[in-house]
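What follows draws every value from the coordinates through simple rules; no lab data is involved. Quick caveat, the model's predicted, so the values are computed rather than measured. Because the Cβ atoms are built from the backbone with ideal geometry, glycine has one as well, and the counts that use them run over all protein chains shown.
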Amino acid sequence: MNIILSIVLGLLFGFVLQKIGAANPQNIINMLRLKDFHLMKTIFFGIGISSMFLFVLLNIGIIDSANLSVKTSYTGVIIGGIIFGLGWAIAGFCPGTGIVAAGAGRKDALLFILGGLLGAFVFTLLYGLLKATFLFGNLGGKATLAATGNAKFTTLFASMPEIVIAGGIGIVFMIIAWILPGTQKNQHSIVK
Amino acid sequence: MKNFIYQSQWGWLLSGVSLGIVFILTVALVKPIGVSTQFVILDGMVWDFFSDQIVVEDNTAKSGYSSPNAYLNKSGGKYAKNVANPINYSFIFVFAMIAGGFIASRLQPAGESKDNLIAPLVWTDRFGDSQAKRYLAVFVGGFLVLFGSRLAGGCTSGHMMSGMMQTSLSGYLFTLGTFAVAVPVAILMYKGEK
């Protein structure tokens, strides 16, 4: 059952990433150099609407909070994000969009994946040396801003209703998506 | 409907709503989406192919598998177990994503030229037509992206999208770190008119 779900959901995710233009490095790089906000509007709106509905559906019991998976906060999250950001700007791919782009026939995506496999392997070899360093120093554990109802995670704003926090953040994100400037006609490489 | 399936790129509102639906659907049915861990699993499988000792069955480990490598052995041998049993939800998901990208691209009108599939316009405008240069840059970029993802414990999918959806602190920290560097680097690296 899980395998069928993984095929169906993976196909859907790959299809959507290609259709929204996220697997095209032209769009990623132009988002990062603040020339084309199409993807930034998409990401803000996607996170905003999913955050709001996730907490509504958790609240009325349609989504089980045991399905959530909140990652730990430690210094390496920020430093790793910085290293990630450097590579993301150079290549125009992230791990998910890189593999979707390879599926869509991009040749540069194949080299990105090879580089990625090497980078992940070097980290796998170095982890034993790094795990006791400041990089893995705690920065708040498995914490969320809004209460999830899952006892494994701590809540930073426990005194406020989770719907208000997640809904508020969600609405702010959707408003940001709305007011960011749209794509000018000549900016897409694939305008027909 | 036909236009919706064949159109080469959706507008931002349809894009944002579809992305949101996919992330809600996956967390409702299984768990939040994550991609970068599977690079480690594939590396582990290759390593395991060349070495008998790298992943071993171990009844004392929480997962039933252990590894002399500290990363594969982390959290009770969780990664070691997935290396030994790659037919699992997260690993198959990534291969289905490749197929999803393939199907979407085959259904859209042939618009992009061959050159566009090696280097985007923003790259060729700045660095010229050399394929080797672009291949080297994406290889280095890929190395940094996956090394950074593994140090951070997730990537755009796991930290940025799934993390911020759950309002998790780590998702916001990762996203801040990422954009703080990616925006100035992209502006400086791709300086130009277009």
Loop trypsin sites (Lys or Arg not before Pro), the range A:122-159 (other Cβ atoms within 10 Å of the site Cβ: 15 or fewer; DSSP): A:LYS131, A:LYS152
FRET efficiency (B:PHE50, A:LYS131; Cβ distance; R0 22 Å; to 0.05) is 0.35
If I stretch the segment between A:ILE175 and A:VAL122 completely, what's the gain in nm (0.36 nm per residue apart, minus their alpha carbon distance), one decimal? 15.0 nm
A correct Stokes-Einstein calculation for the range A:27-176, using the alpha-carbon Kirkwood radius, 10 °C and 1.306 mPa s, returns a whole-number D in µm² s⁻¹ of 88 µm²/s
Between the range B:1-65 and the range B:133-176, what is the separation of their alpha carbon centroids in Å? 14 Å
Give the whole-number value, in cubic angstrom per residue, of the convex hull volume spanned by the C-alpha atoms of the range A:49-96. 116 Å³
Given H placed 1.01 Å from N in the peptide plane, which residues other than close sequence neighbours of A:GLY141 have an amide H under 5 Å from its amide H? A:SER73
What angle do you read, to the nearest 10 degrees and between 0 and 90, between the alpha-carbon axis of helix B:131-152 and the longest principal axis of chain B? 50 degrees
Directionally averaged projected area (convex hull, Cα atoms, chain B), nm²: 14.3 nm²
Report, in listed order, any pair from A:LYS41/B:LYS78; A:LYS35/B:LYS31; A:LYS71/B:LYS133; A:LYS19/B:LYS133; A:LYS71/B:LYS74; A:LYS142/B:LYS74 with a Cα-Cα distance greater than 25 Å. A:LYS41/B:LYS78; A:LYS35/B:LYS31; A:LYS71/B:LYS133; A:LYS19/B:LYS133
Net +/- balance of residues flanking A:ASN150 in space, Cβ distance below 15 Å, scoring K and R +1, D and E -1: +2
Can you tell me the alpha carbon radius of gyration of the range A:71-141 divided by the globular rule-of-thumb value 2.2 N^0.38 Å? 1.28
The long-range amide H neighbours of B:TYR65, using H built 1.01 Å from N in the peptide plane and a cut-off of under 5 Å, are B:ASP58
